[in-house]
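S.K.: Okay, here's the structure, questions in a sec.
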Amino acid sequence: MKSFLTRVGPWPLAITFATLAACTEQAPSPTAPPSTLRPHASTGTVFTVTNKSDGTEVGSLRWAASQVTVFDDVIRFDPSLAGDTIVLSSELYAMNPLTIEGPAIKGITISGVGTDRVIRARNGATLRNVGIKGGGGVFGHAVWAEGDLVLEHSTVWNNHGSNAALYGYNVTLINSTVSGNTGQNNASAIAYPWYGSLTLINSTVARNGPAPGISPWGTVSGTPRVLLRNSILAHNGNPQRNCATTYGVFVTEGRNISTDNSCGTSAVLVADPMLAGLASNGGPTMTESFGYQSPALNAGINCGVAVDQRYVARDAACDIGAFEFTDFTVVTLTIDPNASIDATAGSALVTGTVTCSRGGDQFGVGVLLEQQKGGKTPTVVQGTGTATVACTTSAQPWSAIVTPSAGTFGTGAAAAAAQTIETAKWITPITSSRSVKIVRPRR
């Protein structure tokens, strides 16, 4: 019997055989343009942090920051510090461009003690695989970058000050999260200047307040540019306001989610992303996960990032935000060895069972039956049928009447294939096939 099922994928309701074939606290005037993101490989000097000291001795974070002189220098960490927290009693001050890269698997957390900002970078900063918490002060209580500020695979949370947790001239977040920070005035999460820009790519900004989530800062002049691409802004501000203003150039690409319409409506879905709260979900830094019924699931468009914040591979239809959902419902689909024939109609009844790793879903089972009949002129009889199932975590029976497109089925050997159809996007499609015997029903 030849094999006739050649691809796995969702079938349409009407199944055909063909479908189975495929230094000061005053912020200076920002003037710097956006910079090009650097690759992870460094061509400069690597300074390695070997201890969690708050001092300036060799191997401390403060020592490493003082050694940086050029743009390509980078601060990394001894593997023994992966997943650790370095607590700073006062801000980490860097005169030169600052790049801090935590271990990719477990990351590194840099924490303040609530009375001063965590990092001040006079010539900009890049943070990768880094968590920033415990900052305090007036503005930029997590990070104040007097230049470009880039966060990749990083999380900023639990920082409390008068203004936004992040201040920079041109701020870019890729696969990063800003959650649970307090800011009273212009913004609570991220502030970008009227001369500068903000770019959010597959990032999540959630539950910051009471000020709006994102906002320009400084004297009202110039035209700020905000780019949102496949990102989430949710439940920021009290009263809620995710974006303080859309004044300037607001560019939305892919598809974004906002829990209000303050960020515009073009390429922005106004909905609740059903975030589960900041937690350790794997990877170098904490993330805001969501459940299988979230509108963020598989809703990204033109995704340009291959992994999420945790370095988990993204689907071709990526999720919106920094987190990629992977807890899909898994289906087990079986076909019984015998099918019964209706001699009058020439159809056959194919049966089997279906089991789901998560209950509560209803979907279809599409069936294809093929039988080669002998004689002087062998013929092949094919037919299709469907069944509807309510899937649970225990095996449920299904049955489908398969009507041939031409001719009639007879007793004897045949080949059957069954596939889930019309499934929700959180259900992984599956196909099952086997040889069956068509028999006359018992009377």
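The values are calculated or read from the model by the stated rules, or taken from the named source; none is laboratory data. Since the model is a prediction, treat every value here as computed from it, not as a measurement. Note that we place each Cβ from the backbone using ideal geometry, even for glycine, and neighbour counts take in every protein chain shown.
S.K.: Say we look at the range 291-345 and pick out the residues that are among the small types (Gly, Ala, Ser) and surrounded by 15 or more Cβ atoms within 10 Å (Cβ to Cβ); which of these is farthest from the chain's Cα centre (by Cα)?
M.R.: Here the answer is SER340.
S.K.: Just checking, how many residues over the range 158-173 are at pLDDT 95 or above, under 20 Å from HIS235 (Cα atoms) and surrounded by fewer than 24 Cβ atoms within 10 Å (Cβ to Cβ)?
M.R.: Of the residues in that region, 2 qualify.
S.K.: Would you please list the contacts, defined by Cβ atoms under 7 Å and residues six or more apart or on different chains, that run from a residue in the range 294-310 that is under 15 Å from LEU200 (Cβ atoms) to a residue that is among the hydroxyl-bearing types (Ser, Thr, Tyr)?
M.R.: GLN309/SER176; GLN309/THR177; GLN309/THR285; GLN309/THR287
S.K.: Identify the residue in the range 347-370 that is part of a strand (DSSP E or B) and under 27 Å from the mean Cα position of the chain (by Cα) and, among all such residues, is surrounded by the most Cβ atoms within 10 Å (Cβ to Cβ).
M.R.: Among them, the one singled out is CYS356.
S.K.: Right, something else. Which residues, counting only those in the range 135-155, are part of a loop (DSSP other than H, G, I, E, B) and either touching a helix residue (DSSP H, G or I) at 6+ places or on another chain (Cβ under 6 Å) or surrounded by 24 or more Cβ atoms within 10 Å (Cβ to Cβ) (or both)?
M.R.: Correct list: GLY135, GLY140, HIS141, ALA142, ASP148, HIS153, SER154.
S.K.: Now for a separate question. Is there any pair with a first residue in the range 63-84 that is assigned by TED's automatic domain parsing to the domain that holds THR285 and a second that is of a type outside the set (Phe, Trp, Tyr) and in a helix (DSSP H, G or I) whose Cβ atoms are under 6 Å apart and which are 6 or more apart or on different chains, and what are they?
M.R.: Correct list of pairs: ILE75/ALA64.
S.K.: Right, here's the next one. Looking at TYR192, is it modelled with pLDDT under 95 and either in a strand (DSSP E or B) or touching a helix residue (DSSP H, G or I) at 6+ places or on another chain (Cβ under 8 Å) (or both)?
M.R.: The answer is yes for TYR192.
S.K.: Determine which single condition GLY114 fails, assuming it passes every other condition in (1) surrounded by fewer than 22 Cβ atoms within 10 Å (Cβ to Cβ); (2) farther than 27 Å from LEU278 by Cα.
M.R.: Single failed check for GLY114: (2).
S.K.: THR386 fails exactly one of the following numbered conditions: (1) within 30 Å of TRP426 (Cα to Cα); (2) outside any strand (DSSP E or B); (3) touching a strand residue (DSSP E or B) at 6+ places or on another chain (Cβ under 6 Å). What is the number of that condition?
M.R.: (2)
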